[in-house]
Amino acid sequence: MSVQAQFGKAVAIVQGLPKDGPAQPSQDDKLAFYGAFKQANEGDNTGPAPGMFDFVAKAKYKAWKALEGTSQEDAKKKYVDLLKAILQKQDDEESKKYLAELDAAGSA
């Protein structure tokens, strides 16, 4: 199973989700995706915390910092697993198609 291939496919799916489609990640899900993506690509967050009145940057910082110590490989798996969990809650053809694409990428 290629975690890198599944991760790449998951990123493409998340970035391409229609704004009015059935699979809509919550704000918490979006922050979890952000943190896992940053950890997977850059490793531990070593930058300074943003100012306390920059609420969006602070939330993103915390989401990434929460994964400190997680390997980049495990962060990729976390990203894929989060997307799968969201898609499995849906009962529509588009979500099933995305799940099949993720599985196919994992077995490539």
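Every number in this text was worked out from the coordinates using simple rules, so none of it is lab data. This structure is a prediction, so every number in the text was calculated from the model and none was measured. We place every Cβ from the backbone using ideal geometry, glycine too, and count neighbours over all the protein chains shown.
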Report summary line: Residues of the range 1-60 being among the β-branched types (Val, Ile, Thr) and closer than 13 Å to Asp74 by Cα, in sequence order, are Val3
Query raised in the report: Inside the range 33-46, can you point out the residues that are in contact (Cβ under 8 Å) with a residue 12 or more places away in the chain and either over 29 Å from Lys89 (Cα atoms) or surrounded by 19 or more Cβ atoms within 10 Å (Cβ to Cβ) (or both)?
Result: Phe33, Gly35, Ala36, Phe37, Lys38, Gln39, Ala40, Gly43, Asp44, Asn45
Requested in this report: Can you tell me which residue among Leu102, Leu67, Leu87, Leu82 is under 20 Å from Gln15 (Cβ atoms), in a loop (DSSP other than H, G, I, E, B), touching a residue at least 24 places away in the same chain (Cβ under 8 Å) and of a type outside the set (Phe, Trp, Tyr)?
Outcome: Leu67
Report task. Can you tell me which residue within the range 47-64, out of those that are of a type in the set (Phe, Trp, Tyr) and surrounded by 13 or more Cβ atoms within 10 Å (Cβ to Cβ), is nearest to Val11 (Cα to Cα)? Result -> Trp64
